[in-house]
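Written below as C-alpha cells is the structure these notes are about.
Values in this text are rule-based calculations from the coordinates and carry no lab data. Since the model is a prediction, treat every value here as computed from it, not as a measurement. Note: ideal-geometry Cβ built from the backbone for every residue, glycine included; neighbour counts use all protein chains shown.
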Amino acid sequence: MLALADRGAGVPLRELALVGLTAAIITYFSTGPVRWLATRFGAVAYPRERDVHVQPTPRMGGLAMYVGVVAAIFLASQLPALTRGFVYSTGMPAVVLAGGVIMGIGLLDDKWGLDALTKFAGQITAASVLVTMGVAWSVLYIPIGGVGTVVLDQVSSILLTLALTVSVVNAMNFVDGLDGLAAGLGLITALAICMFSVGLLSDHGGDVLFYPPALISVVLAGACLGFLPHNFHPAKIFMGDSGSMLIGLMLAAASTTAAGPISQSAYGARDVFALLSPFLLVAAVVCVPALDMLLAIIRRTRAGRSPFSPDKMHLHHRLLQIGHSHRRVVLLIYLWVAIVAFGTAGTIFFDPRYTGAVMLGAMLIAIVVTLIPLLRRDEGLEDSPYDAR
C-alpha cells in the first residue's frame, strides 16, 4: 500500500484536462457510428403531438457518451498523476459498471420503450452497484440546532444514496425535452462539480481521496461536450434515456464522492456552504426539472387528469409560447442552472456573502432576459417561437 504521505500530490490540472479532452474527442467521433446503428436498428424518435422536433431523429446517443466515458477513465487509470485515485477509491470502477447498467437499460428503452416500473428497477439496480462498490453518502452535515456532521449508519447511508441517485437520474431524464438541453445542463453541472472538487483538492494538498469527484465530473463534462455538437438544435441525434440517465447517474456519483471526505473538522465554521455544497450541487441539477415536474403534477391534477399524462405545458413549452426561439429557450435554462451551480461551487473559493450577492444580481439579469419577449410583444416586436436563431 502507498504511504499515507503519498496521498498529497498537488492538483493534477493538466492530467484532468487531458482526461476530459479525451472523453470529448472519443464521444464526438463515436456519435456518427452510433447514429448509423440507431437508424439501422430502428431506435428512432418519431414526432408526437407534444414533441418539439418535427423530423424523425435517431436515439441511443448515450452509447457514444458511454464509450467516451470508459475510454477517458481507462486513460486516467494509466496516468501516473491520477493512478493514486484508483488505489484509495473504487469510485471510478463503480461508475463504469453502474453506468453500463443504466446505459443498457436506457438503450432498451430507446429501442423498445420500457414501462416506468422496469426503468425504475433498472435505476435502483444501477444505484445499488454504486453503493455496493463503496460510493455512498457516509456523512451528512446538518447546520440546524448545532447538530453538525452526522455519521450515517449503513441503512441510512444506503437509503439516502439510492434516493438521491434515482432522483437525479429521473430529473435529467425529465428535463431532456429540447435539443441540447440535457447535454448542456450535464456539461454545466459537471464543470461546477469539477470546480468544487479542484477547490477541495487544493484545500487538502492534493489528497487523493478527493480525486474521484474531480475525475468523474471532468469525464462527464468531456462526454457532454463531445456529444453537444451533434445534439444542439437542430439535433442530428438524441441522447435518449441511455444518455440522460447516464448523465444523472454520474452527477449523483460525483456529488456523493465529493461529500464523503468533507468534514466539519476540515472546514470548521469557515462556512456552512462548503459542507453543504455537495447537496446544493445536487439541488442545482434537479431545481429546474423538479419545479417543472411539481407544476405539471398540480396542473394535471387540477384538470382531473393523471399527474403522469403528457402535455405541452412544460417550462420549455411555455418559454417557446411567450416568444423565445428553440435555441434561446435552451440557452436561458443553461443560464439559470449555471447561476445556481457555479454560485454554489464558488463558495469553496469565495466568501459566501459575496457569492450570494453575485448570484442574486445574476438572477435579476436572468429574469429580465427571460421576460424580454413579453416586453417586445407589448411593443409589437414579437418573434416567432420556432425560429432557429
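Side notes on the structure shown:
- Here the label points at Val155 and Phe349, each 7 Å from Cα along the C-beta direction, are separated by 4.3 nm in the simple model.
- Under-5 Å amide H pairs with Gly177, H placed in peptide plane, nonlocal only: Ala182
- Dipole of region 8-285 computed with +1 at Lys/Arg Cβ and -1 at Asp/Glu Cβ about the Cα centre; of Leu209, Ala252, Leu82, farthest Cα towards the positive end is Leu82.
- If R0 is 25 Å, the Cβ-Cβ spacing of Gln78 and Thr132 corresponds to a FRET efficiency of close to 0.50.
- The H on the amide N of Asp207, modeled in the peptide plane, is under 5 Å from the matching H of Ala9, each at least 5 residues off or on a different chain.
- Using the Karplus relation 6.51 cos²θ - 1.76 cosθ + 1.60 with θ = phi - 60°, the per-residue 3J(HN,Hα) values for region 76-82 come to 4, 5, 9, 7, x, 5, 10 Hz, with x marking Gly and Pro.
- Between Arg40 and Leu117, the simple label model (points 7 Å from Cα in the Cβ direction) yields a spacing of 3.5 nm.
- Taking 24 Å as the straight-line reach from the Cα of Lys119, the lysines in range (excluding those fewer than 8 positions away in the same chain) are Lys111, Lys312.
- Anisotropy class assigned to region 8-285 is prolate, per the alpha carbon gyration tensor with a/c at or over the 1.5 cut-off and a/b larger than b/c.
- With a simple spin-label model that places each label point 7 Å from the Cα along the Cα-to-Cβ direction, the separation between Ile297 and Leu21 comes to 4.5 nm.
- Cβ-based exposure ranking for Lys312, Lys119, Lys111, in which fewest neighbours within 10 Å come first: Lys312, Lys111, Lys119
- Placed amide H near Val44: partners under 5 Å, 5+ positions off or other chain: Arg59
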